[in-house]
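What follows is a short report on a single structure.
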Amino acid sequence: MTKPFCRDELHGICALLCSLLLEIPLVAQQNLVTDPPQSAASLTLTAIYDQQERHNAFSYAGKTDPPLIRVLPGETIEVRYVNNLPVHSDEKCALAFCKNIGNLHFHGLHVSPKNPQDDVLTMMAMPGEVLNYRVDVPFDAPPGLYWYHTHPHEESARQDLDGMSGAIVIEGIDRYYPELRNMTERVLILRDRVIEDGDDRKKIQEQLEIPRDRCGTSTEQHLERVLTINGAVRPQIPIRPGERQFWRIVNASPDRYVDIQLGGRQLEIVALDGMPMSYHDRSQGTLRVDHILIAPAGRVEAIVTGAATHSTLSTRCVDTGPDGDYNPAMVLADVANSPEAAEHERKVPAVSGPAIYKDVSSRQLETIKAHVPDFTVVFSEDKNGFYINGKKFAMDSAPMLRAPVGSMQHWRVVNATREVHPFHIHQVHFLAYAINGAASEMPEWLDTVNVPYGGTVDLIMDFTDPVIRGVSVFHCHLLSHEDKGMMAKIVFE
């Protein structure tokens, strides 16, 4: 794999960052979220059936904890994906029993959609087969939190629910916000835990402080799953009173929303969906909020400050619509003063070199907004499936449209259903600037955006990076909807 130039004065930082680094994601050890040691290694991910947990999983370094990948802009991610899943599966996928097809998607990265990079259309491994990925991260890649997950059509929701995903960190966000240097960094991966028949549902509800009141307008108010942090149910996150830490949170659920809040204290947002707040506007500082909604596949990177007393990290009730899923409020973690983890805590390193900005003038943005939509996406559904512009996706579907590389386009996404849908497109970010025809108070650069039920969002799509040439896809990131047809191909040319 390629390595960047390093200066002698970086010493330990150079040793830390001058190669692709891997670490087992944060795990709950004695109910405490800490950072384990890192280890540099070649990355082989093996898809297996976990007999103990009775579901599919990724095996890495002898454990079923998918590694966290760390890389610098300009480096290459190399992953060998080995499909050791059984030929015959007892698990039910979207339309039938799973065939255990496997592959990887490098979510949010501005990289090529062609083989052997972020290709989810032709790179598919049946049980017993191997895929070799070599993903070239551009030198001007926005530094931040991304993630990888499996993306075989008709089977992605099942595999994502099984936990076949992991985080990716492109280092260097301190170039944009130097105050992050030497802060304790935590990578928090939100995943589902299915409530089994033998579980004490009442005890789980009490443990996570799930209200018994109705949540939203969903007609289904039955608790089927709860959210974990790095596999642990309500772990403890250590922080000292007044201490500032850098938390990187990814919602790796296939279909659950979280509306994050921290015990009445503000979150200081540094990046959304891997994009630093100042990447497109160097004058943009951090954003202080009381809570923030994270769609399935969304990421938030924020500075948090420790309170003098015990507090909790929790999610509020999210109304996903009459036909949507039940997303109740619950406590995700306890946040408290605990010196136990001090020696294990990882600090944000200082990365040399200047910040790279991709400035977009307000005049250019206003011109695009004033233009009629270049393309309209319509989400719809019925008892037979889920559709984009009236069409149900199949692997042999023709591209729905072609878009010239080098352009920026005005897209409108229309949700003609009775539930919220998160819109996602591979290879690029977009500016979400209007909801239901009204300008947003704070336009955001994202790769996944919520579309309100019965409503619309307006986006400025950034197709200017030449690396994206090829056939890609856009879809609803409620992965069961994608599996059942709510996806389409796009050719970047």
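The values are calculated or read from the model by the stated rules, or taken from the named source; none is laboratory data. None of the values given here were measured: they were computed from a predicted structure. Backbone-built Cβ (ideal geometry, glycine too); neighbour counts: all protein chains shown.
Among residues of the stretch 404-423 that are free of Cβ contacts under 8 Å to residues at least 40 places away in the same chain, those with a Cβ under 9 angstrom from a residue that is assigned to a strand (DSSP E or B), sequence gap 6+ or separate chain, pair up as ALA416/VAL378; ALA416/PHE379; ALA416/SER380; ALA416/GLU381. Look at (1) on the phi < 0 side of the Ramachandran plot; (2) modelled with pLDDT under 95 and you find that GLY74 fails only one, number (1). Restricting attention to the stretch 46-79, the residues that are part of a loop (DSSP other than H, G, I, E, B) and of a type outside the set (Ser, Thr, Tyr) add up to 13. Restricting attention to the stretch 359-387 and to residues that are of a type in the set (D, E, K, R), at pLDDT 95 or above and outside any helix (DSSP H, G or I), the residue that is farthest from THR184 (Cα to Cα) turns out to be ASP382. Checked against (1) without any contact (Cβ under 8 Å) to a residue 24 or more places away in the chain; (2) crowded, with 19+ Cβ neighbours inside 10 Å; (3) β-branched (Val, Ile, Thr), VAL226 passes all but condition (1). Considered as a group, the residues in the stretch 215-245 that are among the polar types (S, T, N, Q) and within 24 Å of the chain's Cα centre (by Cα) include one that is farthest from LYS203 (Cα to Cα), and that residue is GLN245.
With the structure loaded, tell me whether ARG412 is of a type in the set (Lys, Arg) and either within 30 Å of ARG186 (Cα to Cα) or buried (at least 19 other Cβ atoms within 10 Å of the Cβ) (or both) or whether it fails that test. No.
Across the stretch 368-384, the number of residues qualifying as under 28 Å from the mean Cα position of the chain (by Cα) and of a type in the set (Lys, Arg) comes to 1.
Taking the numbered list (1) in contact (Cβ under 8 Å) with a residue 60 or more places away in the chain; (2) under 28 Å from PRO86 (Cα atoms) in turn, VAL111 passes all entries but (2).
In the set (1) surrounded by fewer than 18 Cβ atoms within 10 Å (Cβ to Cβ); (2) under 30 Å from MET395 (Cβ atoms), the condition left unmet by ILE189 is number (1). For the stretch 450-491, the candidate set comprises residues that are surrounded by fewer than 24 Cβ atoms within 10 Å (Cβ to Cβ) and touching a Gly at 6+ places or on another chain (Cβ under 6 Å); within that set, the residue that is nearest to ALA295 (Cα to Cα) is TYR453. Of the listed requirements (1) among the hydrophobic types (A, V, I, L, M, F, W, C); (2) under 30 Å from GLY353 (Cα atoms); (3) surrounded by fewer than 22 Cβ atoms within 10 Å (Cβ to Cβ), MET126 misses just one: (2).
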